[in-house]
1. Once you have the Cα-Cα distance between residue 198 and residue 64, take 0.36 nm times their residue separation minus that, and quote the gain in nm to one decimal.
2. Can you classify segment 123-185 as rounded, prolate or oblate using the Cα gyration tensor, where a ≥ b ≥ c are the square roots of its eigenvalues, rounded means a/c under 1.5, and otherwise it's prolate if a/b beats b/c and oblate if not?
3. Per-residue ellipticity at 222 nm for the chain, helices alone: DSSP H runs ≥ 4 residues times -39500 (n - 2.57), over residue total, nearest 500 deg cm²/dmol?
4. Over the Cα atoms of segment 33-113, what radius of gyration and what Dmax do you get, in Å?
5. Mind ordering 126-137, 285-296 by average Cβ neighbours within 10 Å, highest first?
6. Is segment 291-356 best put as rounded, prolate or oblate by its Cα gyration tensor, with a ≥ b ≥ c the root eigenvalues, rounded for a/c under 1.5, and otherwise prolate when a/b is larger than b/c, oblate when not?
7. So if each residue of separation counts as 0.36 nm, and I subtract the Cα-Cα distance between residue 223 and residue 33, what length gain in nm does that give?
8. Given axes a ≥ b ≥ c from the Cα gyration tensor, I'd like to know whether segment 81-173 is rounded (a/c under 1.5), prolate (a/b larger than b/c) or oblate.
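Read-outs: derived from the displayed coordinates by stated rules, not from any lab. In this text, all values refer to a predicted model and were calculated from it rather than measured experimentally. Cβ placement follows ideal geometry from the backbone for every residue including glycine, while neighbour counts extend to all protein chains displayed.
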């Protein structure tokens, strides 16, 4: 794999840490700004909703930007947002800072994913996608726990300042060592958004929302759930979350290679089926610390293994407009994340903590059903309708190199 793809993954690590860090510094934010944990948690919701809304809009507005410049600007905006968070003296300004950071992240992740596929041969496209997302998953393993450890001595301001510095370093590295990558050929707005009306695309985006909603409605409350099921708390929960993070990294890495060897759609059916079973049985499989570590490792692996095949599938559906589709999929991910706190909270308030995972499994099962429907061939196109031609990934790569 090209060293340039690792560079894109390093930027994704900075972006991922910026997005997930709130869970690590939540106690520090709550204490220093004198707000409740629930109020502090809304910083994650604000980030997710801002990301979901802005990603496709910014993809359309920056469609003609040279890709290296776009990545540098995106990292710069994320750095500015984190610096603003470091300087925020109160909760409202911190909320604004999180939204600014989300704008940079909303541009970087889809653009970096697409550039990684363009700079890689077609047979390694799945691995390239997995490597970029590996930066995001690695932020779960290293970035968030580090934020939790540093939140005490440095305060949330110091943690956000550190993320801003990492984002600046990533922007400098991208500018110095990533080659210039031209924007894709110009297309009109009608042609650009035409693939988004494809039934298969809508199904993929819908199952992404449901899958993320299922995952994070449980993950947001995994600490109290483990306390109830396994009788653990404190540092032990941190160790178990590391098991989840390691599973995420391994699952993402393995799925990238599998996506290059097997049909991505069939691979997704297997992954979603296993993921649904693991989620449904989570209250039983986390009965002891050891079994909980195994269950969380498997859960993390299956959860994050879906990203590379989904991204590859969207690129296959519309290579010429893949940038927009990847942005829409990123929006779908964060829409699910943003809704998860509300849905999980409602479930807990209505039926309690233990039924949360089985109910989330029903959402995952719904996503699996949508996936099966998405596999059906698209209906014949009306000959009088607008025809949007899409070049092959190989020809697109030649145009961009």
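1. Numbers: separation 134, 0.36 × 134 = 48.24 nm, distance 2.34 nm.
Gain in length upon complete extension: 45.9 nm.
2. oblate
3. Values: 17 runs with 319 residues, N = 401.
Here the helix-only value at 222 nm equals -27000 deg cm²/dmol.
4. Radius of gyration, then largest Cα-Cα span, for segment 33-113: 13.6, 45 Å.
5. The peptides rank, most packed first, as 126-137, 285-296.
6. On the way: a/c = 4.59, a/b = 1.69, b/c = 2.71.
Oblate.
7. Details: separation 190, 0.36 × 190 = 68.40 nm, distance 2.28 nm.
Fully extending the segment from residue 223 to residue 33 adds 66.1 nm.
8. On the way: a/c = 2.87, a/b = 1.94, b/c = 1.48.
Prolate is the answer for segment 81-173, as a/c is 1.5 or above and a/b outweighs b/c.
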